[in-house]
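I'd like to ask some things about the structure below.
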Amino acid sequence: MKSLFLIVMALLAGSFSALNAHAEVVSEWVEYKQGDTVLEGYLAYDNAISGKRPGVLVVHEWKGVGPYVKRRAEQLARLGYIAFAADIYGKGVRPETNDEAAKVASLYKNDRKLMRARAAAGLEVLKNHKLTDTRRMAAIGYCFGGTTVLELARSGADIAGVVSFHGGLDTPTPPTPETARQIKAKVLALHGGDDPFVTAEHVAAFQDEMRKGGVDWQMVSYGGAVHSFTVPEAGDDSSKGAAYNEKADKRSWEAAKTFFAEIFR
């Protein structure tokens, strides 16, 4: 009997291994356009899941589509979503230094119409994918990307929700109750409580905008966290104003997962 039991367990173990061997995150680079500009984003999904699933647009931090945002897209794929890391800058535009990134990012921060158009182009790619459940879509972004997804929401994009991780909260066009009412998405802003780049005035103005627009919004501030608190590559020196914070990273990711469970219910 013991030998039979061991044989059965071995067969079951082999079956589970075979199933796991087929479960993997599939990823690919996708070339697309916004106007005449060629863009290149990164798509990820789990091929062990059959049929359509919620879609999440992911917008990069200020250095463009790179290893960090690819990891985030793959994390979302492992949670059962189809994720598309949109390219706001353009194919091949990948700043290597902070100075270069600041110059490129400022082009879009100073032209929110273009920023919105680039985000909308990425959303369209995700929407048109055969695996995307278009009734359940959201967008998340990090730093520059957080600013971008908030602008996407302000444009009136027809999506369930947006999540900004340590993004800029300001918008150059003074919001009014009428413009804020264009926001259809639920909004979750995950903020470093000690972020020196997002002023108290920006926080207050954002909250006032959300209230006056009747938006379904939440904001979480993480004590001790500065800018870029989810990005390990930012280092650990908070005195520079941008640094990784493991607690805030884990807590904000859990907050985002809870938010998705609610809006995709």
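The values are calculated or read from the model by the stated rules, or taken from the named source; none is laboratory data. What you see is a predicted model; the values in this text were computed from it and never measured. Please note: Cβ atoms are built from the backbone with ideal geometry, for glycine as well, and neighbour counts cover all protein chains shown.
Restricting attention to the range 182-201, which residues are assigned to a helix (DSSP H, G or I) and either of a type in the set (D, E, K, R) or in contact with a Leu (Cβ under 6 Å, 6 or more places away or on another chain) (or both)?
Passing the criteria: only E201.
Okay, moving on. Restricting to the range 232-261, count the residues that are within 22 Å of G161 (Cβ to Cβ) and in contact (Cβ under 8 Å) with a residue 12 or more places away in the chain.
10
Might you let me know whether the range 202-213 holds any residue that is part of a loop (DSSP other than H, G, I, E, B) and either touching a residue at least 60 places away in the same chain (Cβ under 8 Å) or not small (G, A, S) (or both)?
Looking through the range 202-213, none of the residues is part of a loop (DSSP other than H, G, I, E, B) and either touching a residue at least 60 places away in the same chain (Cβ under 8 Å) or not small (G, A, S) (or both).
While we're looking at this one, here's another question. Which members of the range 161-188 meet the condition of being farther than 25 Å from S106 by Cβ and surrounded by 21 or more Cβ atoms within 10 Å (Cβ to Cβ)?
Passing the criteria: G161, A185, L188.
Please go through (1) assigned to a helix (DSSP H, G or I); (2) touching a helix residue (DSSP H, G or I) at 6+ places or on another chain (Cβ under 8 Å) for F259 and return the number of the only condition it doesn't satisfy.
For F259, the failing item is (2).
Pick from the range 239-251 the residues that are within 16 Å of C143 (Cα to Cα) and out of contact with any helix residue (DSSP H, G or I) (no Cβ under 6 Å at 6 or more places or on another chain): which of them is surrounded by the fewest Cβ atoms within 10 Å (Cβ to Cβ)?
Taking the candidates together, the pick is K240.
Determine which member of the set D111, D87 is in contact with a strand residue (DSSP E or B) (Cβ under 8 Å, 6 or more places away or on another chain) and acidic (D, E).
Among D111, D87, only D87 is in contact with a strand residue (DSSP E or B) (Cβ under 8 Å, 6 or more places away or on another chain) and acidic (D, E).
Something else: Restricting attention to the range 137-181, and to residues there that are charged (D, E, K, R) and either touching a Lys or Arg at 6+ places or on another chain (Cβ under 8 Å) or in a loop (DSSP other than H, G, I, E, B) (or both), which single residue is farthest from V59 (Cα to Cα)?
Of everything passing the filter in the range 137-181, R181 is farthest from V59 (Cα to Cα).
Only residues that are among the charged types (D, E, K, R), under 22 Å from the mean Cα position of the chain (by Cα) and modelled with pLDDT of 95 or more: list them for the range 210-242, please.
Within the range 210-242, D216 is the sole residue that qualifies.
Could you pull out the residue among V56, V69 that is under 18 Å from the mean Cα position of the chain (by Cα), at pLDDT 95 or above, within 20 Å of K186 (Cα to Cα) and surrounded by 15 or more Cβ atoms within 10 Å (Cβ to Cβ)?
Result: V56 is the single residue among V56, V69 that is under 18 Å from the mean Cα position of the chain (by Cα), at pLDDT 95 or above, within 20 Å of K186 (Cα to Cα) and surrounded by 15 or more Cβ atoms within 10 Å (Cβ to Cβ).
Taking K113 as the residue in question, decide whether it is assigned to a loop (DSSP other than H, G, I, E, B) and of a type outside the set (S, T, Y).
no
Taking G51 as meeting all but one of (1) under 24 Å from L150 (Cβ atoms); (2) surrounded by fewer than 18 Cβ atoms within 10 Å (Cβ to Cβ); (3) out of contact with any Lys or Arg (no Cβ under 9 Å at 6 or more places or on another chain); (4) in contact (Cβ under 8 Å) with a residue 40 or more places away in the chain, write down the number of the exception.
For G51, the exception is condition (1).
If A138 meets every condition in (1) surrounded by 14 or more Cβ atoms within 10 Å (Cβ to Cβ); (2) without any contact (Cβ under 8 Å) to a residue 60 or more places away in the chain; (3) touching a Pro at 6+ places or on another chain (Cβ under 9 Å) apart from one, which number is that one?
(2)
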